[in-house]
Amino acid sequence: MANVDLMERAAVEPETIPFNRASIEGAELDYMRATLESGHTSSSGVFAKRVGAALQEESGAEEVLLTTSCTSALELSAMLLDLQPGDTVVVPSFTFTTTALAFVRQGARIVFCDIEPRTLGLHPEHLATLLDESVRAVVPVHYAGVACDIDGIRSVLADRPDVAVIEDNAHGLFGRWRDQPLGSFGRFSTLSFHETKNFVCGEGGALLLNEARDVDRARVLYDKGTNRRAFHLGQVDKYSWKDTGSSFGLSDTLAAYLWAQLEQRTQIQAKRRALFETYATALEPHAERLGLRLPVVPDGAEAAYHMFYVLVRDQATRDAVLQGMRAEGVQPTFHYVPLHSSEAGRRFSARSTPCPVTDDVSGRLLRLPFYNNLPPDDAQRVIDTFLRALDAAESH
Ligand SMILES: Cc1ncc(COP(=O)(O)O)c(C=O)c1O
């Protein structure tokens with residue numbers, strides 16, 4: 001009897017719409033199988049070369065090193081900075097933990113910077129007040145794949161050529177600013193191919209080196225502190241231990257997965273753009289009445305369509321909407337919890353810095369389900385559920 005009840009309920013209750021669902025987009029299974037059959041499943045194989053060449057062509061980088069995650073790419077960039085005791089790194093408070101943690105692991109202390117309310121990227125005016133002699137690097141994030149205020153940050157850093165810019169571009173592959181690819185503005189930039197991103201391989205990432213002077217040393221640190229790469233390129237007749245480093249390389253089986261995804265770049269980005277526009281068009285007419293702030297793509301920016309977020313009136317409304325939608329089988333989610341006031345953020349920061357926009361945005365932000373193959377009917381259900389939950393929260 002209980003089973004019959006369950007079956008009847010399943011027949012009437014629509015399936016849950018998850019927040020994210022990674023998909024097979026092309027030849028993933030064939031390519032991964034090819035690596036297993038060839039026997040080359042470690043790093044720097046044929047698929048890694050294809051991915052590296054494609055990313056290099058897109059970005060104009062001097063070198064692309066495929067890594068096990070965006071986190072490890074950030075760690076490798078931190079190693080390349082040779083941080084000394086007393087050095088600090090400026091990081092937005094509104095980001096993922098490892099944007100800061102990667103530099104903490106190399107001995108730096110963090111100075112948390114607020115975000116500006118339009119792009120939710122690093123706030124140039126706040127940055128200007130944080131730049132003392134201890135600052136060695138600044139790590140802007142292109143939140144949701146939309147360029148942060150690159151011109152503003154550049155002008156604040158104009159007389160500090162000693163400060164390295166490391167773009168955490170986990171969200172922004174194929175996004176652009178004034179026709180230049182995101183990730184091409186800093187000395188380094190990092191990418192993520194985690195299963196929640198536009199292009200996935202389970203866990204993966206890349207470090208892009210935009211300056212030729214970093215290439216030789218980065219290859220050594222990448223390859224467990226050895227000059228094995230120079231050996232493979234025929235530049236030396238044996239390889240040995242040369243420097244610090246770690247094991248950063250991405251398995252070629254995962255690079256094969258990623259290559260199949262990148263081959264479908266145009267289709268994937270078109271699907272994500274269409275979903276973004278569906279949400280934006282449907283919600284725009286309700287924005288004023290419901291106190292909604294939709295994503296802003298500034299003039300000059302081309303979005304990477306990584307996510308669709310909204311800002312509602314206040315945290316109580318956001319939490320009520322999350323709960324209301326979940327009760328109807330739709331899974332939106334919040335995003336970063338401010339780092340500057342977190343337990344580890346307080347422990348590892350150089351000093352306390354106020355980040356009021358981060359505090360405000362973090363409490364009001366909600367992300368709608370967003371993935372390549374979200375069917376149009378489900379997108380409509382997300383929109384209807386969201387508006388119903390927001391209406392209910394607003395009328396309380
Ligand atoms: C801005 C940002 N940087 C870094 C990361 C870490 O990426 P990964 O999971 O590839 O290490 C994330 C994770 O989503 C992120 O949002």
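Points worth noting:
- If you take the alpha carbon atoms of the chain and fit the smallest convex hull around them, that volume is 167 Å³ per residue.
- Pairs of Lys residues in the chain that lie 8 or more places apart, or on two chains, and have C-alpha atoms under 27 angstrom apart add up to 8.
- Within region 304-396, trypsin sites (Lys or Arg not before Pro) in DSSP loop having at most 13 other beta-carbon neighbours inside 10 Å: ARG351
- A simple charge model with +1 on the Cβ of Lys and Arg, -1 on the Cβ of Asp and Glu and nothing else charged puts the dipole of region 124-258 at about 500 debye relative to its Cα centre.
- Mean separation of Cα contacts under 8 Å, 6 or more apart, over the residue count of region 284-386: relative contact order %: 32
- Candidates GLY183, GLY345, GLY291, ranked by Gaussian network fluctuation over the chain, Cα under 10 Å, top entry: GLY291
- Given charges at beta-carbon only (K, R positive; D, E negative), |dipole| of the chain in Debye: 660
- Zero-based 10 Å bins, Cα pair distances in region 141-292, whole percents: 9, 27, 31, 22, 7, 3, 1, 0
- Using just its DSSP H runs of length 4 or more, each adding -39500 (n - 2.57), the chain gives a mean residue ellipticity at 222 nm of -12500 deg cm²/dmol after division by all residues.
- Considering only alpha-carbon pairs that sit under 8 angstrom and 6 or more positions apart, the relative contact order computed for region 334-388 is 37 percent.
- Largest to smallest in accessible area, the residues HIS232, HIS194 fall in the order HIS232, HIS194 (1.4 Å probe, all protein chains included).
- For region 223-293, the ratio of Cα radius of gyration to the globular rule of thumb 2.2 N^0.38 Å stands at 2.12.
- For TRP241, TRP259, the ranking by accessible surface with the largest value first comes to TRP241, TRP259, using a 1.4 Å probe.
- Short to long, the 5 Å bins of the Cα pair-distance histogram for region 253-372 hold 2, 9, 14, 17, 17, 14, 12, 10, 4, 0, 0 percent of all pairs.
- Against the chain, whose longest principal axis comes from its Cα atoms, helix 2-12 is set at around 90 degrees.
- Taking the C-alpha atoms only, the angle from helix 252-263 to the longest principal axis of the chain is near 60 degrees.
- Look at where the Cα atoms of region 73-121 and of region 304-331 average out, and the two centres are 28 Å apart.
- For the listed peptides 101-112, 42-53, 13-24, a ranking on the average number of other beta carbons within 10 Å per residue, highest first, reads 101-112, 42-53, 13-24.
- The chain, relative contact order [Cα under 8 Å, separation at least 6], %: 23
The values are calculated or read from the model by the stated rules, or taken from the named source; none is laboratory data. Just so you know, these numbers come straight off a predicted model, no measurement behind them. Neighbour counts are summed over all protein chains in view; Cβ atoms, including those assigned to glycine, are modelled from backbone coordinates with ideal geometry. The protein model used for the area step is the full one, side chains on, heavy atoms only, and it has no ligands, DNA or RNA in it. Shrake-Rupley method; radii C 1.70, N 1.55, O 1.52, S 1.80 Å.
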